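One structure is given below, encoded as structure tokens.
The values are calculated or read from the model by the stated rules, or taken from the named source; none is laboratory data. Please read all numbers here as calculations on a predicted model, not as lab measurements. Neighbour counts are summed over all protein chains in view; Cβ atoms, including those assigned to glycine, are modelled from backbone coordinates with ideal geometry. What goes into the accessible areas is simple: the full protein's heavy atoms, side chains included, and nothing from ligands, DNA or RNA. Shrake-Rupley method; radii C 1.70, N 1.55, O 1.52, S 1.80 Å.
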Amino acid sequence: MSVFDGLKFRRVYSPIHNLDPRIKFVYVCAVFVVAIIFSEILPLIALFLMPIPFVLLAGVQKEWLRSLRGAAFLAGFIFIVNIASNFFTSGYVLTAGAVETSAAMTLRFVVLVESFSVFFLTTSPDHLGLALEQTRVPYEFAFAFTTAVRFVPVLAEEAQTIMDAQKARGLELEKGGFLKRIRNYVPVLIPLIVSAIRRSLELAEAMESRAWGATKKRTNLYALKLHRGDFALLAITIGVLVVAIYVRLYVPVPAISQFL
Amino acid sequence: MIEVENVHFRYPNGVEALKGVSLVIKNGEFVAIMGQNGAGKTTLVKHFNGLLKPSEGVVRVNGVETTKTSVAALSRNAGFVFQNPDHQLFSETVEEEISFALKNFGFEAETIEKRITWALNLLGLAQYRKTSPFLLSGGERKRVALASVLAWNPETLILDEPTIGQDYQQKEKLRQFIVQMQTQGKTVVIVTHDVEFVAECNPRVLLMKEGAVVADGEGREILTDPEVLVQSSIVLPQIAQIFLKLAPLGLPKNVIDVYEAKEIVLKALEKRRK
Amino acid sequence: MAVIETKNLTYTYPGGTKPSINSVSIKVEKGEFVLITGPSGCGKTTLCRCFNGLIPHFYQGELKGEITVADMDTATHETHAMAKSVGLVFQNPENQLFALSIEKDVAFGLENLGMPREEMRERVDWALKLTDIYDLRERSPHEVSGGQQQRVAIAAVLAMQPEIIVLDEPTSFLDPLSAEKIFEVIHELNKKLGITVVLVEHRLDLTAKYADHIIIMDEGKVCFDGNPREILSTEETRLIGVGIPKATLLYHILQKEGVKLGDVTPLSSEELAKLLQEAFETK
């Protein structure tokens, strides 16, 4: 119950959320590779449209659009830089081809952002932690990851409480010039750090007490198993790669500006 | 004086933590706000020094609406001591810790010096003046936090869960301290679910449940009413439990104090003998 | 048969100037419900840390004297070896749950021990049901109340099927009703499964009635050790500042005034109410 509720993850169930995070990751990587090997706009448009059914199936449209909006500024920047450099290097003329290439470059960036955001929006942290545990990543890393996810909202809430406690003692965070404002945060940061250290000690104590490090062959309550959906996604991934490579090697990709 | 008129409060995530609370706390009163975790107790008291502003309704402190002034200005009147001292201690010495608020409020160096000495003596911390607060025990840290608020001599003292993790002696000291504040005419508001502690102090009790005040009255009346308490997840104090069971014998139900209990039992036995 | 036995146990934290516990000699029998109490800083928590080898393995420092817990010398057995026999539940529920779902947290210890999945599943479900949180198993720890979190912590040590469960002020952050629920769960584990319980608590009014054995500490030393009814009837316990239950206190005051209420010191309001009812009916 606080301002920081947004940081707490909620478990959601949908056909996409239930997919194996490892396969989803492979798919995202495949989209990545395809986006890199094409610089023409048509295949990039196709790639741009590809995640949409996933987003709809997972029911995360709102969050997805928000992440795209977040990327819009950077995308605009990329577009302008591309156009400008083209404009200056090609003797101060603006061609339709140049606009198209710039748009393609921008679209490539957007494709990268959107496919990653689909991955993170539809993969719950505990699933991801589990995937880390079962892909031979040392268990310590997987554990560090899940504990971080677990405690980030707790720390954020604590920071809020500390700020309240200091405000109640007359601290005005927004007062003074730039340097003074930074200094205003000292009474917030010190208790936050001290309490984080104290918390980590208590955590370590609790872990020790529950047989941390008893055996090298740790087992796991959950098993990640591949289901039909996972195989389907794997098939799609391989299909996309094969088609993309075939097209790249044997089919010339037309540019839209040629038709104008 | 704190006036709360039909206050609603919604957190940004849409959770409605207060659902139409109205109350008045007069100067010099001692009030215990009780209720289950999540009932809205802390949310309510955070309105008393402006840390939270009502989404609907009005909170007035000494006639001034909290939306029209700053937390700093309101805190001059209402000193808020948080539950966990570690959420505020940051200085190298106890002395500096206590001077923090005094400097923020713009006291003069000479006054600051006097106030520090006064607050340290009041809470029995004089020997730790130059010690780092981080080296002190939990109970001592709690007292430093209290001293750092008390130092600017606010009219109202708000204590959030002051008895958590405290042993019997520390609680007894706290009780005596509150009595002392009372005799100086200060308003004291505590947020707690420690029934035995409240039973010993016998303040006015405000019982909250799901963002609303469900009972408001004398401690001895509310803490002895099992129907009211059970809906707020509060257990009756032991003495009240005993007298609830003895009620069929014609003894009064509203008893929470041990010594009062003794008198009543002795008198009743005397009567029987005759 | 003693499951915990210490002889002249003395321990100083690294950098400490004086011992936090000083020649502590106690004995806890199998199946007992032991209550350890005393003013803040009396060494209760330090003693708990000795029971599963956190002292000396995690905290270092200087440990002298003898200590045997579940037939193991904690000085030579690492904490993870002790974990199967001794479960520790800490004060702050928030800082002892680290997984993203409750059942995963309960499984944490078993995973560390490398238990096969099917057996682990059974144990986890068993522990969740005993602590009455089975329906919450897929929730995340931050979605449940403090009382429920503390029950998760108890389930997590219970899943290891220990002989002894040590709880260090497990209810200080909880409201009275949630606290009572915790004590009832512990009491049941003690009575039904015969698990030895060591409970550290200030709030004797809520807990004294469950105890078979009470140990009162002050300044690192044990000052009282024995039957709770006998010990809580002595005047000195009040002088050390142990908050004895109000019912017990009222009983003493009445006894002093010459009211005869029998020789068995009551530890709960039910017991005293019964004695008083009898007194009223006979007269």
Quiz prompt | Cβ-Cβ under 6 Å pairs, at least 6 apart or on other chains, segment A:186-204 side more than 8 Å from chain B (Cβ to nearest Cβ), far side open to solvent by 70 Å² or more (accessible area, probe 1.4 Å) and not aliphatic (A, V, I, L, M) | solution = none
Quiz prompt | Test for A:Glu114: is it assigned by TED's automatic domain parsing to the domain that holds A:Val26, modelled with pLDDT under 85 and within 13 Å of the chain's Cα centre (by Cα) | solution = no
Quiz item: Does A:Val81 count as in a helix (DSSP H, G or I), of a type in the set (Val, Ile, Thr), in contact (Cβ under 8 Å) with a residue 60 or more places away in the chain and out of contact with any Gly (no Cβ under 8 Å at 6 or more places or on another chain)?
Solution: no
Exercise. Give the residues of segment A:152-181 that are assigned to a helix (DSSP H, G or I), farther than 25 Å from B:His47 by Cβ and at pLDDT below 90, sorted by residue number.
Key: A:Val152, A:Phe178, A:Leu179, A:Lys180, A:Arg181
Quiz item: With respect to C:Leu261, is the statement that it is in a helix (DSSP H, G or I), of a type in the set (A, V, I, L, M, F, W, C) and either within 14 Å of chain B (Cβ to nearest Cβ) or surrounded by fewer than 20 Cβ atoms within 10 Å (Cβ to Cβ) (or both) true?
Solution: no
Practice problem: Kindly check whether there is at least one residue in segment B:192-203 that is among the charged types (D, E, K, R) and either at pLDDT 95 or above or open to solvent by 40 Å² or more (accessible area, probe 1.4 Å) (or both). | Solution: yes
Quiz item: Which members of segment C:158-198 meet the condition of being assigned to a helix (DSSP H, G or I), within 14 Å of chain B (Cβ to nearest Cβ) and hydrophobic (A, V, I, L, M, F, W, C)?
Solution: C:Leu177, C:Ala179, C:Ile182, C:Phe183
Quiz item: Restricting attention to segment B:106-123, which residues are open to solvent by 30 Å² or more (accessible area, probe 1.4 Å) and in contact (Cβ under 8 Å) with a residue 24 or more places away in the chain?
Solution: B:Phe107, B:Arg115, B:Trp118, B:Leu122
Self-check item: In segment B:75-98, residue nearest to the other protein chains (Cβ to nearest Cβ) [restricted to those that are part of a helix (DSSP H, G or I), open to solvent by 10 Å² or more (accessible area, probe 1.4 Å) and in contact (Cβ under 8 Å) with a residue 12 or more places away in the chain]
Solution: B:Asp86
Self-check item: Residue selected from segment C:105-131 under the condition facing chain A (nearest Cβ under 8 Å) and open to solvent by 30 Å² or more (accessible area, probe 1.4 Å), by the criterion nearest to the chain's Cα centre (by Cα)
Solution: C:Leu113
Quiz item: From the residues in segment B:205-235 that are more than 19 Å from the chain's Cα centre (by Cα) and part of a loop (DSSP other than H, G, I, E, B), which one is surrounded by the fewest Cβ atoms within 10 Å (Cβ to Cβ)?
Solution: B:Gln231
Self-check item: Candidates C:Gly65, C:Gly61, C:Gly41, C:Gly16 - the one that is open to solvent by 30 Å² or more (accessible area, probe 1.4 Å), within 26 Å of C:Leu239 (Cα to Cα) and not hydroxyl-bearing (Ser, Thr, Tyr)
Solution: C:Gly41
Exercise. For B:Lys19, state whether it is open to solvent by 10 Å² or more (accessible area, probe 1.4 Å), within 27 Å of B:Arg220 (Cα to Cα) and within 11 Å of chain A (Cβ to nearest Cβ).
Key: no
Quiz item: Out of the residues in segment A:86-124 that are in a loop (DSSP other than H, G, I, E, B) and open to solvent by 30 Å² or more (accessible area, probe 1.4 Å), which is nearest to A:Ala35 (Cα to Cα)?
Solution: A:Thr95
Exercise. Test B:Thr67 against the criterion of being within 25 Å of B:Lys41 (Cβ to Cβ), open to solvent by 50 Å² or more (accessible area, probe 1.4 Å) and part of a helix (DSSP H, G or I), and give yes or no.
Key: yes
Quiz item: Looking at (1) within 14 Å of chain B (Cβ to nearest Cβ); (2) of a type in the set (A, V, I, L, M); (3) part of a strand (DSSP E or B), which is the only condition C:Ala247 fails?
Solution: (3)
Exercise. With the checklist (1) open to solvent by less than 30 Å² (accessible area, probe 1.4 Å); (2) more than 13 Å from chain B (Cβ to nearest Cβ) in hand, flag the one item C:Asn227 doesn't pass.
Key: (1)
Self-check item: segment C:213-226 residues that are assigned to a loop (DSSP other than H, G, I, E, B), paired with ones that are among the charged types (D, E, K, R) and open to solvent by 10 Å² or more (accessible area, probe 1.4 Å) (beta carbon under 9 Å, 6 or more apart)
Solution: C:Gly220/C:Lys18
Exercise. Have a look at A:Glu140, A:Glu157 and point out the one that is among the charged types (D, E, K, R), more than 8 Å from every other protein chain (Cβ to nearest Cβ), buried (at least 17 other Cβ atoms within 10 Å of the Cβ) and within 24 Å of the chain's Cα centre (by Cα).
Key: A:Glu157
Quiz item: Are any of the residues in segment B:200-210 β-branched (Val, Ile, Thr) and within 19 Å of B:Asn84 (Cα to Cα)?
Solution: no
Exercise. Could you please find all residues in segment B:236-271 being in a loop (DSSP other than H, G, I, E, B), surrounded by fewer than 21 Cβ atoms within 10 Å (Cβ to Cβ) and either of a type in the set (A, V, I, L, M) or more than 30 Å from the chain's Cα centre (by Cα) (or both)?
Key: B:Gly250, B:Leu251
Quiz item: Any idea which of (1) assigned to a loop (DSSP other than H, G, I, E, B); (2) without any contact (Cβ under 8 Å) to a residue 60 or more places away in the chain is the one B:Gln180 doesn't satisfy?
Solution: (1)
Quiz prompt | Unmet requirement for C:Glu138, which otherwise passes all of (1) at the interface with chain A (Cβ under 8 Å from one of its Cβ atoms); (2) open to solvent by 30 Å² or more (accessible area, probe 1.4 Å); (3) part of a helix (DSSP H, G or I); (4) under 30 Å from A:Glu158 (Cβ atoms) | solution = (3)
Quiz item: Just a yes or no: is a residue in segment C:66-80 within 21 Å of A:Arg199 (Cβ to Cβ) and at pLDDT below 95?
Solution: yes
Quiz prompt | Single condition B:Val15 does not satisfy, out of (1) within 24 Å of B:Thr192 (Cβ to Cβ); (2) touching a residue at least 24 places away in the same chain (Cβ under 8 Å); (3) out of contact with any Phe, Trp or Tyr (no Cβ under 8 Å at 6 or more places or on another chain); (4) of a type in the set (A, V, I, L, M) | solution = (2)
Quiz item: Restricting attention to segment C:74-90, does a residue exist that is touching a Cys at 6+ places or on another chain (Cβ under 8 Å), assigned to a strand (DSSP E or B) and within 12 Å of another protein chain (Cβ to nearest Cβ)?
Solution: yes
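One line per residue, one yes/no per condition, for (1) acidic (Asp, Glu); (2) within 26 Å of C:Phe51 (Cβ to Cβ):
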site: C:Asn190; (1), (2): no, yes
site: C:Asp205; (1), (2): yes, yes
site: C:Thr237; (1), (2): no, yes
site: C:Lys274; (1), (2): no, no
site: C:Glu281; (1), (2): yes, no
